[in-house]
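Engineer: So that we are looking at the same thing, I have put the structure below in structure tokens.
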Amino acid sequence: MTVALDIAHTLGAFRLEARIETGPGITALFGRSGSGKTTLVNIVAGLIRPDHGRLVVDGRPLVDTAARLFVPPHRRRIGYVFQEGRLFPHLSVRRNLLFGRAFTPASDRRETVADVVALLGLETLLERRPASLSGGEKQRVAIGRALLASPRVLLMDEPLAALDVARRDEILPYVERLRDERRIPIIYVSHQVPEVVRLATTVVVMDAGRIAAVGPVSEVMTRTDLYPLTRRYEAGAVLEARLAGHDPAYAMSILALDGCTLRVPQLEAAIGAPIRLRIRARDVLVATRPPDGLSAQNVLPARIQAIPEGDGPIVDIALDVAGRTLNARLTRRAVASLGLTPGQSVFAVVKSIVFDGHTVSRGPAARATDPSGAVDT
Amino acid sequence: MRLSVRVALWATLASLPVGIAVAFVLARTRFPGKTLVDGLVHLPLVLPPVVTGYLLLVLFGRQGPIGAFLADELGVVFAFRWTGAAFASAVMGFPLLVRAIRLSIEAIDRRLEAAAATLGARPAAVFLTVTLPLMLPGILAGTILAFARSLGEFGATITFVSNIPGETQTLPTAIYAFTQVPDGDAAAMRLTIVAIILSLAALLAAEWTARRIGRRVAG
């Protein structure tokens, strides 16, 4: 279940050059608008014919410009959830869902209508027309429609971009279930940090038609050199933790990372569940002594890894906390007045309040314990 | 009168598939000489109907180059037959048919067709399951316009196939004939009332189907 792509394509003054191999789970294509994310997924779907290069999905070549090979979209079996849904306005929800299934040979059908309807909570929508659905409902139907064509890979191009925050929060759990309960690899285009951190297994950062970085979410999003691309305001470390316990007296939960613990507002999850945290650099304080008389609940012993040079007001310093990197955004004045130097032992201070729905999410389920047993095609 | 309806029905039905094909080509493809084809299709709309009828007579009459070929090789004769009246009506209504359908094709969101392709639909299936249903309002509007035009067609018909009672005499030509004879006023008025009822019924039926289809397509 892999997508291997190595292409070059020119669109007017814009040049896209990319080489990617994606694995299981969700691969997020992350970057500003105009960085080439949508062009890339359109090439994978077959909606754009690249000037040069190869595309191989599951070992089957779909594009090879050297061999003049181009498999048209309808023979690729690659699902696509578009930003604007693109439901067929003349068909009911049920017939929209069944559309792709009609073109899938019976032996290739891996999803049943009942399963998909249950997965996406579409029970009450089946007889409705697309025009009468809310934005969130439309996107759920669009996801179901793509799934029922039993695709080898699912492409999702900013499926939440047209929705307001409340609707996004309504869809995200469904995408997480898709990631954890189906073995289908997903390529997910987004320019929203919270979305990427919450969903992705791997992140591909794109910038001006090129790939700026590839790697696991926690590694890529924590890199300070990528902050201009990963959005300064939201930038910070991504950590994988486990739910260690609850503190019902204060409605808090305790998360365990190797070598340290964090207290966060209570989470609805089972003990032992994987939890992914994003700690924005702007939410981290640095103290040279253990603070006394401070309300913050999380004080972590740390060592300064690096302090970048610069002459602006702000410095993003990297801290080593029990072997993992945490970033802190300080003013240059604060760095000077505390006399911070690389190698120095300090304390990283994080308020529990910064952990909310936008920074804490359920981590990807471990593949080894995946009980779905879907047939690998 | 029954002849009139038959002529108009056949004219509309026979030109529909051609009209859809021509509209599709004009809306979706680019080729050298497209402007010329577009102009040719619209010509009957701007030409005096008598000119169109005369051209048809010259081309499709028994002695005309195309008419002689059709008569000798296929045994098809248009001139001075009711089929000729239908043919003349079809030619006259064709621009209206093509225009309406073409507009509806151009209004279709082509991204829906791309979406259908990613779901596994081959191009022919995309056309049948997505494009054609979304064209329906335009097809219907074009059909009504063409049908109405056929019912009322006078100039081209009378020039091409004359005004033979029982063979090529349609409602307008019959009314015209009655107005030319003394004491024909009562008969002309009767036919006029028939024409009004016929047109009104067609309009109401069209309105009703349009609303149904419109509801379906708009969801």
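The values are calculated or read from the model by the stated rules, or taken from the named source; none is laboratory data. Computed from a prediction, not measured in an experiment: that's the story for all the values here. Positions of Cβ are generated from backbone atoms using ideal geometry, with glycine treated the same way; all protein chains shown enter the neighbour counts.
Engineer: Being modelled with pLDDT of 90 or more and under 28 Å from A:T202 (Cβ atoms) narrows it down to one residue among A:V57, A:V93; which is it?
Structural biologist: On inspection, the qualifying residue turns out to be A:V57.
Engineer: State whether one or more residues within region B:181-191 are touching a Ser or Thr at 6+ places or on another chain (Cβ under 7 Å), farther than 26 Å from B:M135 by Cα and modelled with pLDDT of 80 or more.
Structural biologist: Yes, the conditions are met somewhere in region B:181-191.
Engineer: Looking at (1) away from chain A (no Cβ under 14 Å); (2) in a helix (DSSP H, G or I); (3) among the polar types (S, T, N, Q); (4) surrounded by fewer than 22 Cβ atoms within 10 Å (Cβ to Cβ), which is the only condition B:T129 fails?
Structural biologist: Against the list (1) away from chain A (no Cβ under 14 Å); (2) in a helix (DSSP H, G or I); (3) among the polar types (S, T, N, Q); (4) surrounded by fewer than 22 Cβ atoms within 10 Å (Cβ to Cβ), B:T129 comes up short only on (1).
Engineer: Can you tell me how many residues within region B:155-173 are crowded, with 21+ Cβ neighbours inside 10 Å, among the hydrophobic types (A, V, I, L, M, F, W, C) and in a loop (DSSP other than H, G, I, E, B)?
Structural biologist: Counting residues in region B:155-173 that are crowded, with 21+ Cβ neighbours inside 10 Å, among the hydrophobic types (A, V, I, L, M, F, W, C) and in a loop (DSSP other than H, G, I, E, B) gives 0.
Engineer: Determine whether A:R49 is of a type outside the set (S, T, Y) and either at pLDDT 90 or above or part of a strand (DSSP E or B) (or both).
Structural biologist: Here the answer is yes, as A:R49 does meet what is asked.
Engineer: Using the structure shown, decide if A:I304 is outside the structural domain of A:P216 (by TED's automatic domain parsing), more than 28 Å from the chain's Cα centre (by Cα), β-branched (V, I, T) and over 14 Å from A:F355 (Cβ atoms).
Structural biologist: Against the criterion (outside the structural domain of A:P216 (by TED's automatic domain parsing), more than 28 Å from the chain's Cα centre (by Cα), β-branched (V, I, T) and over 14 Å from A:F355 (Cβ atoms)), A:I304 qualifies.
Engineer: Residue by residue through region B:145-154, note down the ones that are assigned to a helix (DSSP H, G or I) and surrounded by fewer than 22 Cβ atoms within 10 Å (Cβ to Cβ).
Structural biologist: Once the filter is applied, which keeps residues that are assigned to a helix (DSSP H, G or I) and surrounded by fewer than 22 Cβ atoms within 10 Å (Cβ to Cβ), region B:145-154 yields B:L145, B:A148, B:G152.
Engineer: Also, I was wondering about something else. Is there a residue in region A:295-316 that is of a type in the set (V, I, T) and out of contact with any Leu (no Cβ under 7 Å at 6 or more places or on another chain)?
Structural biologist: yes
Engineer: Also: Between residues in region A:54-74 that are in contact (Cβ under 8 Å) with a residue 60 or more places away in the chain and residues that are of a type in the set (S, T, Y) and in a loop (DSSP other than H, G, I, E, B), which pairs lie under 8 Å by C-beta distance while being six or more apart or on different chains?
Structural biologist: These pairs meet every condition: A:V57/A:T2; A:D58/A:T2; A:D58/A:T377.
Engineer: So in region A:40-52, with the set limited to residues that are within 12 Å of A:A18 (Cβ to Cβ) and under 20 Å from the mean Cα position of the chain (by Cα), which one is farthest from the other protein chains (Cβ to nearest Cβ)?
Structural biologist: Per the criteria, the residue is A:L40.
Engineer: Can you tell which of A:R110, A:R145, A:R128 is in a helix (DSSP H, G or I) and either farther than 17 Å from A:Q83 by Cα or assigned by TED's automatic domain parsing to the domain that holds A:I78 (or both)?
Structural biologist: Criteria check complete, one pass: A:R145.
Engineer: Tally up the residues in region A:56-81 that are more than 9 Å from chain B (Cβ to nearest Cβ) and surrounded by fewer than 22 Cβ atoms within 10 Å (Cβ to Cβ), please.
Structural biologist: Selection size over region A:56-81: 13.
Engineer: Right, here's the next one. Scanning region A:182-198 for residues that are outside any loop (DSSP other than H, G, I, E, B) and either closer than 18 Å to A:V44 by Cβ or not assigned by TED's automatic domain parsing to the domain that holds A:R109 (or both), which turns out modelled with the lowest pLDDT?
Structural biologist: A:S190
Engineer: Name the strands (runs of 3 or more DSSP E) wholly inside region A:206-276 in which the number of residues that are in contact with a His (Cβ under 8 Å, 6 or more places away or on another chain) and surrounded by 19 or more Cβ atoms within 10 Å (Cβ to Cβ) is 1 or more.
Structural biologist: A:252-257
Engineer: Spot the failing condition for A:P151; the list is (1) in a loop (DSSP other than H, G, I, E, B); (2) in contact with a Phe, Trp or Tyr (Cβ under 9 Å, 6 or more places away or on another chain); (3) surrounded by fewer than 24 Cβ atoms within 10 Å (Cβ to Cβ); (4) more than 8 Å from chain B (Cβ to nearest Cβ), and only one is missed.
Structural biologist: The failed condition is (3).
Engineer: I'd like to know if region B:137-149 contains one or more residues that are within 14 Å of chain A (Cβ to nearest Cβ), in contact (Cβ under 8 Å) with a residue 40 or more places away in the chain and β-branched (V, I, T).
Structural biologist: Yes, there is a match, as at least one residue in region B:137-149 is within 14 Å of chain A (Cβ to nearest Cβ), in contact (Cβ under 8 Å) with a residue 40 or more places away in the chain and β-branched (V, I, T).
Yes/no per residue for (1) surrounded by fewer than 19 Cβ atoms within 10 Å (Cβ to Cβ); (2) within 14 Å of chain B (Cβ to nearest Cβ); (3) not in a helix (DSSP H, G or I):
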{"position": "A:S33", "(1), (2), (3)": "yes, no, yes"}
{"position": "A:R54", "(1), (2), (3)": "yes, no, yes"}
{"position": "A:Q83", "(1), (2), (3)": "yes, yes, yes"}
{"position": "A:L91", "(1), (2), (3)": "no, yes, yes"}
{"position": "A:V116", "(1), (2), (3)": "no, yes, no"}
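Engineer: Now for a separate question. What are the residues in region A:93-109 that are more than 26 Å from A:A162 (Cα to Cα) and either among the aromatic types (F, W, Y) or buried (at least 17 other Cβ atoms within 10 Å of the Cβ) (or both), if any?
Structural biologist: The answer is A:R101, A:F103, A:T104.
Engineer: Please enumerate the residues belonging to region B:48-82 that are over 18 Å from B:F154 (Cβ atoms) and of a type in the set (V, I, T).
Structural biologist: B:V58, B:I66, B:V76, B:V77
Engineer: Go through (1) within 15 Å of A:A235 (Cβ to Cβ); (2) hydrophobic (A, V, I, L, M, F, W, C); (3) modelled with pLDDT of 90 or more and name the single condition A:I254 misses.
Structural biologist: (1)
Engineer: Collect the residues in region A:266-281 that are closer than 27 Å to A:R329 by Cα and free of Cβ contacts under 8 Å to residues at least 24 places away in the same chain, keeping them in residue-number order.
Structural biologist: A:Q266
Engineer: Going residue by residue through region B:59-71, is there one that turns out to be exposed (fewer than 14 other Cβ atoms within 10 Å of the Cβ), in contact with a helix residue (DSSP H, G or I) (Cβ under 6 Å, 6 or more places away or on another chain) and farther than 30 Å from B:L103 by Cβ?
Structural biologist: yes
Engineer: Within region A:56-79, how many residues turn out to be outside any strand (DSSP E or B) and in contact with a Ser or Thr (Cβ under 9 Å, 6 or more places away or on another chain)?
Structural biologist: So the answer is 6.
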